[in-house]
2 protein chains.
Amino acid sequence: MSKKENEKVTPEEVVEEMATEEKTEEVIQEETTERSELEMANERAEEFENKYLRAHAEMQNIQRRANEERQNLQKYRSQDLGKAILPSLDNLERALAVEGLTDDVKKGLEMTQESLIAALKAEGIEEIPADGEFDHNLHMAIQTMPADEDHPADSIAQVFQKGYKLHERILRPAMVVVYN
Amino acid sequence: MSKKENEKVTPEEVVEEMATEEKTEEVIQEETTERSELEMANERAEEFENKYLRAHAEMQNIQRRANEERQNLQKYRSQDLGKAILPSLDNLERALAVEGLTDDVKKGLEMTQESLIAALKAEGIEEIPADGEFDHNLHMAIQTMPADEDHPADSIAQVFQKGYKLHERILRPAMVVVYN
């Protein structure tokens, strides 16, 4: 197979190629009493050759698909656990916003928050930026504010809840207030 | 193939079976001028039949292995992220142990802790029990205390740091003090 690995090899292509060669061989065969037996043997050979080529092509396709699937499973393996951790991050942020925390508690919360964020990042999960223009693919507008000279329409006024993505997949959009 | 799906089909088995049938056919063949051409055709048919059977068996093996691998990847997909989250759980526990927390902060920390534990459990990650006999497969003894009538040798006196497992895999052993 001279094709590139990621190109799909269809059994039909391979079988077609071989069928052409087969016919040329048959033509130069002489008529004999053994003709039909020879013909049958040739047909059988051709049949198994085609079956073999089909199986071989299918095998390559199965292997290619299995590799793709494995890569995908690895890439997105932390989607469920990552998503389930986000509410904990929200809770930590809320706890950190409480007035009058002792330094000990504050430090403990910050360490917890940082190690969670680092663990998520190692798996490809990151906060969605939400400090510029509103993008309906990344942000969800839950409220609007009137735009003015300093705040153009479609710019983000405030983030209510942070959004997160796993590589290019949105785990949840950022909940924002938008000027309009 | 009448074999069970999870049994490995070796190409050799299949090919051996077919080779026996092949020989019987060849014996009843008459000597003719076409003999060698017929022989060649039969040999070719046999060759491709064997190649086909081998490819077919290999295909089944590839598919079986890919399925097993996929199941394994799914089962242990949260191993890395889960392991990386454990220090956050430790930090939360330490923060909760601090004296004089306000109810608000305490509630926030407990919610965070509970939701993390629930997220881990959904992926098969659970705390390792460490309240009975010491088991070197699950626990790591970091200190000993003298055993007495109420505390038999090899029983766990105290847990320093909780251990966790993912299904049957140990993510980290429980660090314990043991009576001896």
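The values are calculated or read from the model by the stated rules, or taken from the named source; none is laboratory data. What you are looking at is a predicted structure, and each value in this text was computed from that prediction instead of being measured. Neighbour counts run over all protein chains shown; Cβ positions are idealised from the backbone, glycine included. Note: areas computed on protein heavy atoms with side chains; ligands, DNA, RNA excluded. Shrake-Rupley method; radii C 1.70, N 1.55, O 1.52, S 1.80 Å.
Computed values, structure above
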{"quantity": "Matching entry among B:H151, B:H136 (being more than 14 Å from chain A (Cβ to nearest Cβ), assigned to a loop (DSSP other than H, G, I, E, B) and surrounded by 12 or more Cβ atoms within 10 Å (Cβ to Cβ))", "calculated": "B:H151"}
{"quantity": "Conditions (1) more than 25 Å from A:A57 (Cβ to Cβ); (2) assigned to a helix (DSSP H, G or I); (3) at pLDDT below 90; (4) of a type in the set (A, V, I, L, M, F, W, C): number failed by B:V14", "calculated": "(1)"}
{"quantity": "Condition broken by B:E126, with the remaining ones in (1) open to solvent by less than 60 Å² (accessible area, probe 1.4 Å); (2) part of a strand (DSSP E or B); (3) within 14 Å of chain A (Cβ to nearest Cβ) satisfied", "calculated": "(1)"}
{"quantity": "Selection within the range B:155-164 - farther than 30 Å from B:L73 by Cβ and open to solvent by less than 80 Å² (accessible area, probe 1.4 Å)", "calculated": "B:S155, B:I156, B:A157, B:V159"}
{"quantity": "Candidates B:E68, B:E47, B:E58, B:E99, filtered to the one that is within 9 Å of another protein chain (Cβ to nearest Cβ) and without any contact (Cβ under 8 Å) to a residue 12 or more places away in the chain", "calculated": "B:E47"}
{"quantity": "Number of positions in the range A:96-119 that are part of a helix (DSSP H, G or I) and either on the phi > 0 side of the Ramachandran plot or of a type outside the set (A, V, I, L, M) (or both)", "calculated": "10"}
{"quantity": "Evaluation of B:E93 against (1) part of a loop (DSSP other than H, G, I, E, B); (2) at pLDDT below 95 (one fails), failing number", "calculated": "(1)"}
{"quantity": "The range A:165-180: number of residues that are surrounded by 19 or more Cβ atoms within 10 Å (Cβ to Cβ) and outside any strand (DSSP E or B)", "calculated": "1"}
{"quantity": "Hits in the range A:139-148 - residues which are surrounded by 14 or more Cβ atoms within 10 Å (Cβ to Cβ) and outside any strand (DSSP E or B)", "calculated": "A:A147"}
{"quantity": "Matching residues, the range A:68-85, being in a loop (DSSP other than H, G, I, E, B) and over 17 Å from B:G124 (Cα atoms)", "calculated": "A:Y76"}
{"quantity": "Residues of the range A:102-123 satisfying the condition of being at the interface with another protein chain (Cβ under 8 Å from one of its Cβ atoms) and loosely packed, with under 15 Cβ neighbours inside 10 Å", "calculated": "A:T102, A:D104, A:A118, A:A122"}
